[in-house]
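**Q** Attaching a single structure in C-alpha cells format; questions to follow.
The numbers here are math on the coordinates, done by the rules we state, and not lab data. Keep in mind it's a predicted model, so treat the numbers as computed, not measured. Positions of Cβ are backbone-derived with ideal geometry, glycine not excepted, and every protein chain shown enters the neighbour counts.
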Amino acid sequence: MLPRLKRVLPLGCLLLPLTAAGFRYEAPAISPEIASGFEEKPGWEAEAFAVAAANPLAADAGYQVLKAGGNAIDAAVAVQMVLTLVEPQSSGIGGGSFLMHYDGTDVQAFDGREKAPAAVDETLFLDEEGEPLAFMEAVASGLSVGVPGTLKMLKQAHEAHGALDWEVLFSPAISLAEAGFAVSPRLHESLASDDALRKDPQAQAFYYQDKDSALPVGTVLKNPALAEVLRQIAKEGSDAFYAGTVAEDVVERVSSHRERPGKLSLEDMAAYDALERAPLCTPWRQWEVCGFPPPSSGHLTIMQILGMLDHQPMQEAPLDNGAPSAGWLHQFLEVSRLAFADRNRYIADPAFVEAPGGEWDSMLAPEYLAKRAALVASNESMGGSAEPGHPGELVTSWALAPSQPEYGTSHISIVDADGQAVAMTSSIEQAFGSRILTDGGTGLAGGYLLNNQLTDFSFVPEVEGEPVANRVEAGKRPRSSMSPTLIFERDSGALLGSLGSPGGAAIIHYTARTLVALRDWGLNAQEALTLPHAITLGEGVFVEKDRFPDPTLNKLEAYGHDVNERELTSGLQVIMRQEDGSLFGGADPRREGVVMGD
C-alpha cells in the first residue's frame, strides 16, 4: 500500500453525512510539507489507483473520492476545488485549465482556457503613446482578466464521464473552507513577497494581519465566501458561476478596478464555451505521447525538442554525477531555442490562426525536425540568434513575437482503479493572478482570485508591419505553455503514465526533460523529478541554483552559453505504470505536493 500522510481528525472537524453515492468526506489533520527550498521525497507505490496534486489536502480529497468509488474525472473535480482554497496563488475557479482524459479506450482533450472579452482589441495592453504597458501594470489590473473556463470545462468532462454526483465532489472544499485549513509555508511566503495583492482591499483584509504582515504559517484560515460560492455551484451546476450574483460580482470587480478597469461583461460570462479538441498523439520510439493542441504550445514544443534530440549524436553520457551532463544540456538548450522560435511565430488560438501547411503535425514532421536539428553545432551555442523554420505554407505571414514573462499554474495527475487517467494543468497565470479577490456577491470574508491570463497574449500586436499570431483579439484564447501529458505504449496502446507541471513557459522544459529521464535514463518517477533543471527561452540560460557542479557550468560557458543561476520552482507530478501493473508516483521536491492511493 502506498505510504499515507497521517490523517487524524481535528477537533471540530466536519463529517458530512453519507450521500446517496456513499461518499462522506473526512477532513484530515495534515501538516503541509516545507514549501521553499528543496526537500527529498521518497516516491509512492500503489496497487490500484493514485492521485498526485500540489497540496496534501487536495491530494487527500482526490484519494477519498477514488476510495469511495469515484473515477479519475470525479477526483479531478474534488482536487481542483480544494486547490482553489489552499493554493490560491496558483489556480482556482477564477482561472482556466486544460484536461487530458483517457477512458480506457479513447483520449480526449477538454479545453477550459480563458477567453478575451468581446469589447477588447489588439491595443488592450498599449498606453496612450502606443507603447506596451509595463508587465506588472498590466497584470495587477482589470485589463488582464479573461473569462474563467475551469468550471465550465470540468462540468462538461463530468457530464461525459463522472461516476459520483457532481454535488458531492464539492464537499471536501466546502468542509475545509468552513472549518478552516492551516496556512502552509508556501502560501505564507507567497503572500509575504507579494506587494500587489496588498493593494486589493478585499485581499488585504483577508490574507494579511495588517498591510505589511502576511498570515503566519499555521494560521487556521476559514473562507466562508468561497464555501457559499461552491455550495451554489454544487447545487446548480457551473451555470451558477457564469450568471447571477457570482458573475455579477466578477464583472463589477473587474470593471471597477481602481487603476485600470477591464471590459469583461455579463454577456462574456454567459457566452463562455468549454471545448473538446482532438488531442495530439505523437509517436516517440516505443512510446506514444498525447498532449494538448493549440491554443497550448506545450505538446508541439515539447515534441519538437524531443524529436530534434533524437536526431542529435550523443556527445557524452547524458548523466554526470546525478545531474544532466554539459554535453546533453548543450544539445537540449540548443534545440529548445529552435523550438521556441517556431512556437513564438506560429502557435496561437486555432480559431484565429492557421497551422503551417494546414496541420499542426507539420511542425513535428521527421524530415522537418531533422533539418532543424542539423542547425545545432556540437560545441558552439547559437545564443539568441535562433530563427523560426518553415514547416509548411501559410496564408498569413506571422511576425516573430517578442519575449515576455509567463508564470503560474498547478498540475494534477490521476489514475483510477479502472485504468482511466487524467492529466490536468490549471492556472490563474501569475501568483495570485490579477490580484483581484471576489466574494461572489456573498458579502462574506474571503472568496477566490481572478486570473490575469490575458497577459499571455503578446502586448505588441505587430512587428515591422506583420501581425503577431498571439496578439489580443476579441473572443480569442491566449496561447499557453500548459502541457498535461498522457503516455502510452506504442505497440499495445496500454496506458503508461500521466504527468505535467506548473512553471510558465518553463513547463515545456520541465516536462520534456522528465520524459527523457523516464524513457531513456532508467529513472523512476521520483528520481526523474529530483534532477536539476536548466532552461532557455531563446537567449540566456537559467540553471537551478546550487544544483549543478562547477565543471558542468564552466563547460556550458565554454560553449558560449550565457549561464545564470536562479530558483526554478517546478511542480511536477508523475504517475507511472510499472512492469507488474502497479503504480509508482512522484511529486516535485520543490513544492508541497504528494501522491496518495491504494
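**Q** What do you get for GluC sites (Glu not before Pro) in segment 103-182 restricted to DSSP loop and a cutoff of at most 11 other Cβ within 10 Å of the site's Cβ?
**A** On the way: sites: 114, 122, 128, 129, 137, 159, 167, 178; in loops: 114, 122, 128, 129.
Listed in order of number, the matching sites are 128, 129.
**Q** Between 104, 535, 207, whose Cα lies farthest towards the positive end of the dipole of the chain when Lys and Arg beta carbons carry +1 and Asp and Glu beta carbons carry -1, centred on the Cα centre?
**A** Result: 207.
**Q** What are the GluC sites (Glu not before Pro) within segment 252-289 that DSSP puts in a loop, where the Cβ has at most 14 other Cβ atoms within 10 Å?
**A** For GluC sites (Glu not before Pro) across segment 252-289 that sit outside H, G, I, E and B with at most 14 neighbouring Cβ atoms in 10 Å, the list reads 259.
**Q** With +1 on the Cβ of every Lys and Arg and -1 on the Cβ of every Asp and Glu, and nothing else charged, how large is the dipole of segment 417-522 about its Cα centre, in debye rounded to the nearest 20? Kindly include the intermediate steps, with their values, before the conclusion.
**A** Values: 8 positive and 11 negative charges, 28 e Å.
In total the dipole reaches around 140 debye.
**Q** What order do you get for 255, 325 when you list them from fewest to most C-beta neighbours inside 10 Å? Write down the numbers at each step before the final one.
**A** On the way: 255 14, 325 19.
Sorted ascending by nearby Cβ count, the order is 255, 325.
**Q** Moving on to the next point. When the helices in the chain are scored as -39500 (n - 2.57) per DSSP H run of 4 or longer and the sum is shared across all residues, what 222 nm value do you end up with, to the nearest 500 deg cm²/dmol? It would help to have the intermediate numbers written out before the result.
**A** On the way: 17 runs with 173 residues, N = 598.
Calculated mean residue ellipticity at 222 nm is -8500 deg cm²/dmol.
**Q** What share of all Cα pairs of the chain, in percent, falls into each consecutive 20 Å distance bin?
**A** Result returned by the calculation: 22, 58, 20, 0.
**Q** Continuing with this model, one more query. Taking segment 478-574, which GluC sites (Glu not before Pro) meet the DSSP loop condition and have no more than 15 other C-beta atoms within 10 Å?
**A** Values: sites: 489, 527, 539, 544, 557, 565, 567; in loops: 539, 567.
Passing sites in segment 478-574 are 539, 567.
**Q** Using the Cα centre of segment 46-149 as the reference point, and only Cβ charges (+1 on K/R, -1 on D/E), how large is the resulting charge dipole? Debye, rounded to the nearest 20. Display every interim value, and only then the final one.
**A** Working: 3 positive and 15 negative charges, 130 e Å.
Value, rounded to 20: 620 debye.
**Q** Set Lys and Arg Cβ to +1 and Asp and Glu Cβ to -1, take the dipole of the chain about its Cα centre, and tell me which of 426, 458, 52 lies farthest positive.
**A** 52
**Q** Hey, another quick one. Using only Cα atoms, locate the centre of segment 512-559 and the centre of segment 310-345, then give the distance between them in Å, rounded to an integer.
**A** Distance between centres, Cα-based: 9 Å.
**Q** For segment 253-333, what does the relative contact order come out to in percent, with C-alpha contacts under 8 Å and a separation of six or more? If you can, show how the numbers build up before the last one.
**A** Details: 56 pairs, mean separation 10.9, N = 81.
It comes to 13 percent, rounded to a whole number.
**Q** Same structure, new question: Could you work out Rg/(2.2 N^0.38 Å) for segment 434-538, with Rg from alpha carbons only? Before the final figure, lay out each step's value.
**A** Values: Rg = 19.4 Å, N = 105, 2.2 N^0.38 = 12.9 Å.
Ratio of Rg to 2.2 N^0.38 Å for segment 434-538: 1.50.
**Q** Can you give me the distance in nm between label points at residue 314 and residue 134, each placed 7 Å from the Cα along the Cα-to-Cβ direction?
**A** Label at residue 314, label at residue 134, 5.0 nm between them.
**Q** List every DSSP H helix in the chain whose Cα atoms extend 15 Å or more along the helix's own long axis and whose mean Kyte-Doolittle hydropathy is at least -0.5.
**A** Both cut-offs are met by 56-67, 72-86, 224-236, 244-255, 298-309, 326-346, 507-520.
**Q** Evaluate the distance, in nm, between pseudo-label points positioned 7 Å from the Cα of residue 466 and of residue 119 along their respective Cα→Cβ axes.
**A** Here the modelled spin labels are 3.5 nm apart.
**Q** Over the Cα atoms of segment 247-337, Rg to Rh with Kirkwood Rh, two decimal places?
**A** Radius of gyration relative to Kirkwood radius: 1.26.
**Q** Setting aside same-chain residues fewer than 8 positions from residue 555, which aspartates and glutamates have a Cα under 15 Å from its Cα?
**A** Answer for residue 555, where 15 Å is the Cα cut-off: 316, 320, 334, 380, 565, listed by chain and number.
**Q** Nearest 20 debye, what's the magnitude of the dipole of segment 269-362 about its Cα centre given +1 on Lys and Arg Cβ and -1 on Asp and Glu Cβ?
**A** On the way: 5 positive and 12 negative charges, 31 e Å.
Dipole size: approximately 140 debye.
**Q** Oh, and also: From the residues 160, 148, 193, which one has its Cα farthest along the dipole of segment 118-198 in the positive direction, the dipole being from +1 and -1 charges on Cβ of Lys/Arg and Asp/Glu about the Cα centre?
**A** 160
**Q** Evaluate the Debye formula for segment 489-598 with equal point scatterers sitting on the alpha carbons, no solvent, and hand back log10 of I(q)/I(0) at q = 0.10, 0.19, 0.23 Å⁻¹, in q order, two decimals.
**A** One equal scatterer on each Cα of segment 489-598 leads to -0.34, -1.00, -1.30.
**Q** Using Cα pairs under 8 angstrom and six or more residues apart, how large is the relative contact order of the chain, in percent?
**A** On the way: 1490 pairs, mean separation 145.3, N = 598.
Contact order relative to length: 24 percent.
**Q** Considering only the other residues whose Cβ falls under 10 Å of the Cβ of residue 388, what net charge follows from Lys and Arg at +1 and Asp and Glu at -1? Present the calculation step by step, with values, prior to reporting the outcome.
**A** Values: positive: 343, 345, 372; negative: 342, 387.
With Lys, Arg at +1 and Asp, Glu at -1, the neighbours total +1.
**Q** Would you please state which residues of segment 237-273 a label at residue 351 would reach in this model, taking the label point 7 Å out along Cα→Cβ and a backbone N cut-off of under 13 Å?
**A** Within reach of a label on residue 351: 268-273.
**Q** Further question: For segment 110-135 and segment 434-491, what is the separation of their C-alpha centers, rounded to whole Å?
**A** Segment 110-135 and segment 434-491 have Cα centres separated by 10 Å.
**Q** Suppose R0 equals 25 Å; then what is the FRET efficiency for residue 387 and residue 271 from their Cβ-Cβ distance, rounded to the nearest 0.05?
**A** Details: r = 39 Å, r/R0 = 1.56.
Once the sixth-power term is evaluated, E becomes 0.05.
**Q** R0 = 45 Å: FRET efficiency of residue 213 with residue 564, Cβ-based, nearest 0.05?
**A** Details: r = 32 Å, r/R0 = 0.72.
Given R0 = 45 Å and the Cβ-Cβ separation, E is 0.90.
**Q** While we're looking at this one, here's another question. Restricting to Cα pairs below 8 Å that are 6+ residues apart, what does the relative contact order work out to for segment 73-187? Please round to a whole percent.
**A** On the way: 122 pairs, mean separation 43.2, N = 115.
The value is 38 percent.
**Q** Another question about this same structure. What are the semi-axes of the equivalent ellipsoid of segment 256-409, taken as the square roots of 5 times the eigenvalues of the Cα gyration tensor, listed largest first and rounded to whole Å? Walk me through the numbers on the way to the answer.
**A** Working: eigenvalues 216, 74, 56 Å².
The three semi-axes for segment 256-409 are 33, 19, 17 Å.
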